[in-house]
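*Asks:* Before I ask anything, here is the structure I am working with.
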There are 4 protein chains.
Amino acid sequence: MDGTGRRSDRTNTHVDLIERAAAAGKAILCEKPIDLDIAKVERCLASLARTPVPLFVGFNRRFDPSAAALKRAIDDGQIGALRQVLITSRDPAPPPLASIPSTGGLFRDMTIHDFDMGRWLLGEEPVEVWATASCLVDPQIAALGDVDTAMVVMRSAGGRQCHINNCRQAAYGYDQRLEAFGSSGMVANDNLRPTTLRRSGAAGTEARDPLLPFFLERYAESYVRELDAFVAAVLDKKPVAVSAEDGRRALVLADAALEAVKSGHAVRV
Amino acid sequence: MDGTGRRSDRTNTHVDLIERAAAAGKAILCEKPIDLDIAKVERCLASLARTPVPLFVGFNRRFDPSAAALKRAIDDGQIGALRQVLITSRDPAPPPLASIPSTGGLFRDMTIHDFDMGRWLLGEEPVEVWATASCLVDPQIAALGDVDTAMVVMRSAGGRQCHINNCRQAAYGYDQRLEAFGSSGMVANDNLRPTTLRRSGAAGTEARDPLLPFFLERYAESYVRELDAFVAAVLDKKPVAVSAEDGRRALVLADAALEAVKSGHAVRV
Amino acid sequence: MDGTGRRSDRTNTHVDLIERAAAAGKAILCEKPIDLDIAKVERCLASLARTPVPLFVGFNRRFDPSAAALKRAIDDGQIGALRQVLITSRDPAPPPLASIPSTGGLFRDMTIHDFDMGRWLLGEEPVEVWATASCLVDPQIAALGDVDTAMVVMRSAGGRQCHINNCRQAAYGYDQRLEAFGSSGMVANDNLRPTTLRRSGAAGTEARDPLLPFFLERYAESYVRELDAFVAAVLDKKPVAVSAEDGRRALVLADAALEAVKSGHAVRV
Amino acid sequence: MDGTGRRSDRTNTHVDLIERAAAAGKAILCEKPIDLDIAKVERCLASLARTPVPLFVGFNRRFDPSAAALKRAIDDGQIGALRQVLITSRDPAPPPLASIPSTGGLFRDMTIHDFDMGRWLLGEEPVEVWATASCLVDPQIAALGDVDTAMVVMRSAGGRQCHINNCRQAAYGYDQRLEAFGSSGMVANDNLRPTTLRRSGAAGTEARDPLLPFFLERYAESYVRELDAFVAAVLDKKPVAVSAEDGRRALVLADAALEAVKSGHAVRV
């Protein structure tokens, strides 16, 4: 269970640690992804099913106050029947090149959060995934077999649609926006900034700060709330808010996107 | 009735033209102010009272769609009992120095629009005016006996308050904002810009265009609607939307502000 | 050349009128699409190639001041190397059911504007189109063989990506937004509203007007500028801003999207 | 030194505690105001001048990240020569009626923060104060000899102007906004909200959350930074960021405003 954030090169330690913690009867909070290999994940979850310990997967963004408010607005029927979800998720800068090979690629490392967010907001399981990906930030990323700029579309059985756009680099900071559109309205989230200052001068008006630098600042509150939810689940012996199955399904979507890029076909999941 | 806009050096022709038009039985649309001399205005209105011709004073801003919507929101009770009005009104650049002596000064030339707007939005007549004024833009304006930067506060008999701030120069364009605050809420108007473009980069995010340059662009729609209202009033023989008395009262407030600056006392009107 | 806007049931008269106007040596301004049948369009353009008359296709949105400013910002290098374009385009209400069969379907009737906008903003020809579509607004639209809610992704040869989302119904008005993201920044356009009023009360803050109702209001200025551009092209004998070839290519993209929905494959164009 | 926030009925304990802490050689962080009686404050400061202990006055808003960024923008010359400051400060609800008599009235209890903010942002000492005040929220406040709705204007020797508007009740939450206008631009601060959610529907678009409820939530970060600054001042033996003299001067302005309301004259300070 490492808490170092998103791009750990220790993802391959997760399954072993999960199994040892489970054997010791300890409640588990595991950073995403559980593992880069879906087969290994599925074996791990199968073994876990025989133990009573809770496994909570660290999709922290569900605990962001604004994301949670958007989800509540959907669930409360504020926008009627949901039709479309849009997720913009752009990092300020690519990870160190040396770490690229161990990330599992853009979809399993970065988009995995957006796959989880998309599933959660859609409220229906995606049944079809399509994706396209390019290397537009740094050709060395392509040389390492990865991509840095992608668009994904998922469709649920009920015909709801979810678009994700990703890039490993955004000059204006860590861009994290959500939009949900339904039969009676739309809800959307803005980015966060260090201050509310707006500057106006001869060159333009209402210019605001660059965005918060990266996930530790942007999602600081979400980590606090995630830990609260984990502790509450353990103490109250309630179902965890983000389950091992949620972790598995996000990885299935990431694998499907990768396959879609290779084949040019939408992949059914 | 000249249509050349705000800083005409022909204001001193208004009363003569009004009286000749009235004698000819013609409906009159007169640019603000009717005259810079309140005694002359009052003599003119007295003579006009004996003729049946309508006199419509050109406080065009009342016909701006956003200002009109704000007024409607107040009148419809959307903010409950009105408490405070805030008016920000800053010009992009001072008038030519040569025209300063004939303007009657900042309060009669520029603030006069805001006095009318304040009266109209307050919904109660101001009974007290206080003002302070400085010359911060160009010392040559002071040399000509005028000021370029001012703050005014008016109070109605019911205790409602109205703040006006003015400046003859704003680097970011023609700044025209309104805010009305009441017991159950607030309504406010933004500025207009040529496009809705928002620019984000390393230096900042969401930077918007400079504001529309000046009154001809900013209030283009208001002039169209003002003329429509004038024509409708004449054809339908209905009371004019902005009366000669409205013109007179705005000038009274401007004179009171000038006196307040000189005396340091709030002036009762 | 009909000027009735978007959902004419007289699209099938365009080619005949184009050919008669060309024979008469008249400059032509043709509403989009030229025709719903790409073969017919290609025959028309081939015949037109032998005449000197200009044919200007009515993709009016290119003349919207905010869209034009966004395009200029891209072309001026304000966001560096372009990577992604996002287009949100949702109508306030579906067309009359009776007109659905003659529209050619969502992609040829409604998305066609977005295909043109995407091509124009990408600055590189799309080489691949993928799309998914559902009927979520009105099952009668499905009964007529059409869809009402769609997402499209296009990719250029250089790897640039363009996402389009469409819906035939949006409760909050005619939703028309653009975003372009590049190596050094992002530019985006907001919607237009009748006024700038913002309302704050116990239920929420900064609530703004519903959007302008539909294309006649939203794109009023673009039609004026489009006509100006057409007249200028004719008088100055310069290339038209939006050519017959632009009209043809948008239709090719619409046909590709339709095929992608049917096949589940990305379609190369 | 009580930390219970703004409307302590223990303000009258401050001077005694300050003098005892000073006698014991302890560094002091004192909530505003030091006392409601300016003569008592001046005697306290005179006695304190003979001791080496630092006295830090709790004008916490200076430590709010957005207020601090606005101040830095002014000091860095981002808006050129400062001309006008606007401060909007409205509470969500009046204090308990029972506490009104011990508050010292609106100007000493609530506006005192805005007087300090105005002085700090103006960068020049106010030399003239004018104010008007009404009781528009609750007549029982008038019955207790206080007001609940006020506007203040201050002028510095250099002619800079500062407007403050206050109200004891705002239906949409705790309204805290700042604006500074100068020769080359303007900077302004928005309010804070619990989330960034924007809601759009048939009734309106982009509606945001009500504002953060009150000062404990709105200025949470400022209290942390204020304590950091106090500790740093003590440890580094540096001048305190907000001095006893700052505390005294804010009270002088509050007293001047009260006198201005009574006399109808601008009061020189």
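The values are calculated or read from the model by the stated rules, or taken from the named source; none is laboratory data. Worth saying up front: this structure is predicted, and the values here are computed from it rather than measured. In this analysis, Cβ positions are derived from the backbone assuming ideal geometry, glycine residues included, and neighbour counts consider all displayed protein chains. Areas reflect the complete protein model, heavy atoms only, side chains present, ligands, DNA and RNA absent. Shrake-Rupley method; radii C 1.70, N 1.55, O 1.52, S 1.80 Å.
*Asks:* Got a sec? Which residues of segment C:81-116 lose 30 Å² or more of accessible surface with every protein chain in place, vs. that chain alone, 1.4 Å probe?
*Replies:* Residues of segment C:81-116 that lose at least 30 Å² of accessible area once the other chains are added: C:Arg83, C:Gln84, C:Leu86, C:Arg90.
*Asks:* Mind checking which chain A residue has its Cβ closest to the axis relating A to B, and how many whole Å off it is?
*Replies:* Checking which Cβ lies nearest the axis yields A:Ala207, 2.
*Asks:* With runs of 4+ DSSP H residues as the only contributors, calculate the mean residue ellipticity of the protein assembly as shown at 222 nm using -39,500 (n - 2.57) per run, divided by the residue total and rounded to the nearest 500.
*Replies:* Computed mean residue ellipticity for the protein assembly as shown: -10500 deg cm²/dmol.
*Asks:* Run through the other copies and list how far each one's label point is from that of D:Ala98, in nm with one decimal, shortest first; the point sits 7 Å from Cα along Cα-Cβ.
*Replies:* 6.6, 7.3, 7.3
*Asks:* Between C:Ala203 and D:Ala202, what FRET efficiency follows from the Cβ-Cβ distance if R0 is 22 Å, with the result rounded to 0.05?
*Replies:* Here the calculated transfer efficiency is 0.90.
*Asks:* Which order do the peptides D:46-53, B:255-262, A:165-172, A:24-31 come out in when sorted by mean C-beta neighbours inside 10 angstrom, highest first?
*Replies:* So the order, starting with the most tightly packed, is A:165-172, B:255-262, A:24-31, D:46-53.
*Asks:* Could you work out, residue by residue across A:178-189, how many beta carbons of other chains sit within 10 Å of that residue's beta carbon, and then give the average as an integer?
*Replies:* 6
*Asks:* Please work out the average accessible area per residue across the protein assembly as shown, using the 1.4 Å probe convention, and give it in Å².
*Replies:* It amounts to 36 Å² per residue over the protein assembly as shown.
*Asks:* Mind listing the phi-derived Karplus ³J(HN,Hα) values for segment B:80-94, rounded to whole Hz, using 6.51, -1.76 and 1.60 with θ = phi - 60°, and x for any glycine or proline?
*Replies:* The phi angles translate into x, 7, 5, 10, 9, 10, 10, 10, 10, 9, 10, 7, x, 7, x Hz.
*Asks:* Give the carbon-plus-sulfur fraction of the accessible surface of the protein assembly as shown in %, rounded to a whole number; probe 1.4 Å, heavy atoms of protein chains only.
*Replies:* 55
*Asks:* In whole Å, what is the distance between the alpha-carbon centres of segment B:197-222 and segment D:210-247?
*Replies:* 36
*Asks:* Which FRET efficiency, nearest 0.05, do A:Ala68 and C:Ala49 yield, Cβ-Cβ r, R0 56 Å?
*Replies:* E(calc), rounded to 0.05, equals 0.40.
*Asks:* Measuring label to label, 7 Å along Cα→Cβ, what does A:His265 give against each other copy in nm, shortest first?
*Replies:* 0.9, 9.2, 9.2
*Asks:* Springs between alpha-carbon atoms under 10 Å, Gaussian network over chain B: tell me which of B:Asp37, B:Asp228, B:Asp114 tops the mean-square fluctuations.
*Replies:* Sorting by GNM fluctuation, first place goes to B:Asp228.
*Asks:* Please compute the average number of Cβ atoms from other chains found within 10 Å of each residue's Cβ in peptide A:155-166.
*Replies:* Per residue, the number of nearby Cβ atoms from other chains is 4 on average.
*Asks:* Something else now. In sequence order, what are the phi-derived ³J(HN,Hα) couplings for segment A:230-243 according to the Karplus relation 6.51 cos²θ - 1.76 cosθ + 1.60 with θ = phi - 60°, rounded to whole Hz, with x for glycine and proline?
*Replies:* 5, 4, 4, 4, 5, 5, 8, 6, 9, x, 5, 6, 10, 8
*Asks:* Further, regarding this structure: Sorted by mean Cβ packing within 10 Å, highest first, what order do the peptides A:193-204, D:174-185, D:236-247 take?
*Replies:* Ranked by mean Cβ neighbours within 10 Å, highest first: D:174-185, A:193-204, D:236-247.
*Asks:* Hey, got the dipole for segment C:160-269? About the Cα centre, +1 on K and R Cβ, -1 on D and E Cβ, debye to the nearest 20?
*Replies:* Its charge dipole is roughly 180 debye.
*Asks:* Nearest 100 Å² is fine: how much accessible area is buried between B and A, summed over both sides, with a 1.4 Å probe?
*Replies:* Result for this pair: about 1000 Å² buried.
*Asks:* Helix B:38-48 versus the longest principal axis of chain B: what angle, 0 to 90°, nearest 10, using Cα atoms?
*Replies:* With both axes taken from Cα atoms, the answer is about 50 degrees.
*Asks:* Would you grab the residues whose amide H sits under 5 Å from the one on B:Asp35? Only those 5+ places off in sequence or on another chain, please, with H modelled 1.01 Å from N.
*Replies:* Hits under the 5 Å cutoff: none.
*Asks:* Quick one: which residues, 5+ away or cross-chain, put their amide H under 5 Å from the amide H of C:Leu136? H built at 1.01 Å from N.
*Replies:* C:Asp148, C:Thr149
*Asks:* If you take the Cα atoms of chain B, find Rg, then find the Kirkwood Rh from the mean of 1/r over all pairs, what is Rg/Rh?
*Replies:* Looking at chain B, the ratio lands at 0.97.
*Asks:* Additional query: Can you list, shortest first and in nm, the gaps between the label point of D:Val53 and those of its counterparts in the other copies, using a point 7 Å from Cα in the C-beta direction?
*Replies:* Label point to label point, same position, other copies: 5.4, 8.0, 9.5 nm.
*Asks:* Okay, moving on. List the residues whose amide H sits under 5 Å from the amide H of C:Glu206, counting only those 5 or more places along or on another chain, with H placed 1.01 Å from N in the peptide plane.
*Replies:* C:Arg199, C:Ser200, C:Gly201, D:Arg208
*Asks:* How many partner chain Cβ atoms sit within 10 Å of a residue's Cβ in peptide C:130-137, on average, as a whole number?
*Replies:* Whole-number average of other-chain Cβ neighbours for C:130-137 is 6.
*Asks:* Only bridges with both residues in segment A:16-154 count here: give the DSSP antiparallel percent, nearest 5.
*Replies:* Of the beta bridges lying entirely in segment A:16-154, close to 65 percent run antiparallel.
*Asks:* Right, something else. Would you list, by chain and number, the lysines whose Cα falls below 19 Å from the Cα of C:Lys40, excluding same-chain residues fewer than 8 positions away?
*Replies:* C:Lys40 reaches C:Lys32.
*Asks:* Modelled label-to-label distance, D:Asp76 and B:Thr13, 7 Å Cα→beta-carbon offset: nm?
*Replies:* Inter-label distance under the simple model: 5.1 nm.
*Asks:* Let me ask something else. Select from segment D:247-268 all residues whose loss of accessible area on going from the chain by itself to the full protein assembly reaches 20 Å² or more (probe 1.4 Å).
*Replies:* D:Gly264, D:His265, D:Ala266
*Asks:* Can you give the FRET efficiency for B:Ala23 and C:Leu227, using 1/(1 + (r/R0)^6), R0 = 60 Å, r = Cβ-Cβ distance, to the nearest 0.05?
*Replies:* Calculated transfer efficiency: 0.85.
*Asks:* Would you kindly derive the ³J(HN,Hα) couplings of segment A:119-128 from the backbone phi angles with the Karplus curve 6.51 cos²θ - 1.76 cosθ + 1.60 (θ = phi - 60°), listing them in order in whole Hz, with x for Gly and Pro?
*Replies:* 4, 5, 6, 4, x, 9, 5, x, 10, 8
*Asks:* Antiparallel as a % of all DSSP beta bridges within chain B, to the nearest 5?
*Replies:* Roughly 75 percent of the DSSP beta bridges within chain B come out antiparallel.
*Asks:* Now, a different point. Roughly how many whole Å is it from the C-alpha centroid of segment A:249-266 to that of segment C:78-139?
*Replies:* 24
*Asks:* Hey, another quick one. Given a 1.4 Å probe, show me the residues in segment C:196-229 buried by at least 40 Å² of accessible surface when comparing the whole protein assembly to the chain alone.
*Replies:* The answer is C:Thr196, C:Leu197, C:Arg198, C:Arg199, C:Ser200, C:Ala202, C:Thr205, C:Glu206, C:Arg208, C:Pro210.
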